[in-house]
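As structure tokens, the structure follows; a few thoughts come after it.
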Amino acid sequence: MGIIGSTIKPFTAQSYKAGKFVEVSDTDVKGKWAVFFFYPADFTFVCPTELEDLADQYADLQAMGVEGYENGFQFNIVPSRLNDPVKKKKPTVFFVNSMSDIFHKDMPEDYLNRIFDVIEKTPQHTYQILTKRADRMLQYVSQREIPKNIWLGVTVENKEEGLPRIDKLRHIKASVLFLSIEPLLEDLGKLNLKNIDWVIVGGESGNKARPMEKSWVLNIKQQCEENDIAFFFKQWGTWGADKVKRNKRVNGKELDGKIWQQYPEFIEEQFVLM
């Protein structure tokens, strides 16, 4: 799939429409605006830097009976999707469980083992796993060898909850350790970025979004540059750099007149936006 807001490339896919699954292609939506959701709950084919705020869509998807949304916001697993990455031979970046958390307290450990087994069986792919449950992630990965094709990250929205997660993350030995500082809700001050490979920063979206100060973003960017860490500025969100509330696409993703989309160097060439 293409980047959100861009013209899509030729494709064929299965879509849920009028109570049944049908085949669709790029010709079916030619000349129209369309949004496609690929969300099998366990493995989600969405790049984290392009992930939309989809919380408001849960009710609609649940009403349509789409697999994985039957229980709304309750924790849910979909075993039928577990082996989807095995079927895909082309090297791909998978963002695992983008609208949930793989280390949720209700995730059975045996099922977590099955997910990691699939990851180990598909070394051609790269898997990005983001969590707010840094404690459980650290406990789990300390019990087994981490596959080389996994990137592990934590959400950092503020000092109180976010900074302690960084301290736990840095003790994990993975190919890439990353921070998703989104939404950035306050000035994080001086950060300890030891062992961190990638930092994503973005503002909040939605009607209740809180504004993000430009100085907060520049503070993080400067620290990334000082520590030779890849910096990715995702978006301003609902509030622009000029502190005006408007559509986030209008606010864009420029920071001081430039788009910052850096990736960890050793993986950059094989990175695929889905």
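Any read-out appearing in this document is the output of simple, stated calculations on the displayed coordinates, not a laboratory observation. Fair warning: this is a prediction, and the values are worked out from it, not measured in the lab. Here Cβ is always computed from backbone atoms with ideal geometry, including for glycine, and neighbour counts include all displayed protein chains.
How many residues does region 115-125 hold that are within 17 Å of residue 139 (Cα to Cα) and of a type outside the set (A, V, I, L, M)? Break it down into steps so the answer makes sense when it comes.
Within region 115-125, the first condition is being within 17 Å of residue 139 (Cα to Cα), and the residues that meet it are 115-116.
Restricting the remaining residues to those that are of a type outside the set (A, V, I, L, M) gives 116.
Qualifying residue count for the region: 1.
Does any residue in region 171-186 that is of a type in the set (Lys, Arg) come within less than 9 Å, Cβ to Cβ, of a residue that is buried (at least 22 other Cβ atoms within 10 Å of the Cβ) six or more places away or on a different chain, and which pairs are these?
Going by the 9 Å Cβ cut-off, there are no qualifying pairs.
Quick one: is residue 250 among the aliphatic types (A, V, I, L, M), crowded, with 21+ Cβ neighbours inside 10 Å and more than 24 Å from residue 139 (Cα to Cα)?
No.
For region 78-160, list the helices (runs of 4 or more DSSP H) that sit wholly inside it and hold at least 3 residues that are surrounded by fewer than 14 Cβ atoms within 10 Å (Cβ to Cβ); which are they?
On the way: elements: 84-87, 109-121, 134-141.
Helices (runs of 4 or more DSSP H) meeting the threshold: 109-121.
Which residues, counting only those in region 236-247, are surrounded by fewer than 17 Cβ atoms within 10 Å (Cβ to Cβ) and either basic (Lys, Arg) or within 20 Å of the chain's Cα centre (by Cα) (or both)?
Those that are surrounded by fewer than 17 Cβ atoms within 10 Å (Cβ to Cβ) and either basic (Lys, Arg) or within 20 Å of the chain's Cα centre (by Cα) (or both): 243, 245, 246.
Confirm whether residue 129 is over 15 Å from residue 165 (Cα atoms) and either among the β-branched types (Val, Ile, Thr) or free of Cβ contacts under 8 Å to residues at least 12 places away in the same chain (or both).
So residue 129 fails the test.
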